[in-house]
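Asker: Take this structure, written in structure tokens, and hold onto it; I'll ask about it next.
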Amino acid sequence: MKRIFFFLSIISIKNQEILCQNNIVQKIQNLNQLEKITLIFSFIIISIGILSSGYALTISLSAYAGCEKEKRATAFIPSLMPGSQGLYSFAICYIMIQEFANKPLLTTFAGIICGLTCLFSAIGQAKTAAACIKSINNDQMDQGQALLTTGIIELYALCGLAASFLIISQ
């Protein structure tokens, strides 16, 4: 628990340094009302993208928990795949924090695109992973087939991540 608080305090200190170095607080105050609302909206959407990953993991890991003991090694990786969307959203959120004072409109679009694709792909991937785990448990599918099936949905989350990177880098 002490390590977690230490890690969070380091992140907090680093974010304060970024805010002070770039005069982000002053730049935010200079934005018009519509820009502030859209920025808040985009950060809400990207946060939902992060949270959807946790929800998706509960779906897939619930299926994994019901798997037979001898099939668990095969079903483990497909059960964890829906967690990647939270990492994608977190990466874009970190870039958004650094860039939103300079490019508020592009940052807004990037957050919305990545957040929505991560939201829907995480939940869809979790349902697919749960079905694959059930098939693994019933000897109807092997690990390679399950990874391929859940990996197809991962492609759409990666497309949202790539699109957000391209938008922010403009």
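The values are calculated or read from the model by the stated rules, or taken from the named source; none is laboratory data. Since the model is a prediction, treat every value here as computed from it, not as a measurement. As a convention, Cβ positions derive from the backbone with ideal geometry for all residues, glycine included, and neighbour counts pool all protein chains shown. To get the accessible areas, we keep the full protein, side chains included, count just its heavy atoms, and leave off ligands, DNA and RNA. Shrake-Rupley method; radii C 1.70, N 1.55, O 1.52, S 1.80 Å.
Asker: Roughly speaking, what is the centre-to-centre gap between the range 63-122 and the range 135-152 when only Cα atoms are used, to the nearest Å?
Answerer: Centre-to-centre (Cα) distance: 21 Å.
Asker: If I stretch the segment between Asp139 and Ala65 completely, what's the gain in nm (0.36 nm per residue apart, minus their alpha carbon distance), one decimal?
Answerer: Full extension from Asp139 to Ala65 adds 25.0 nm.
Asker: Express the accessible area of the range 74-152 per residue in Å², computed with a 1.4 Å probe while the remaining protein chains stay in the model.
Answerer: Normalised by residue count, the accessible surface of the range 74-152 is 44 Å².
Asker: I've got another one for you. On a full-extension model of 0.36 nm per residue, what is the gain between Gln98 and Ala163, subtracting their alpha-carbon distance, rounded to one decimal in nm?
Answerer: Roughly 21.7 nm would be gained on extension.
Asker: For the range 28-170, state the average projected area of the convex hull of the C-alpha atoms over all orientations, rounded to one decimal in nm².
Answerer: 8.1
Asker: Tally Lys and Arg at +1 and Asp and Glu at -1 over the other residues with C-beta under 11 Å from the C-beta of Gln170: what net charge comes out?
Answerer: 0
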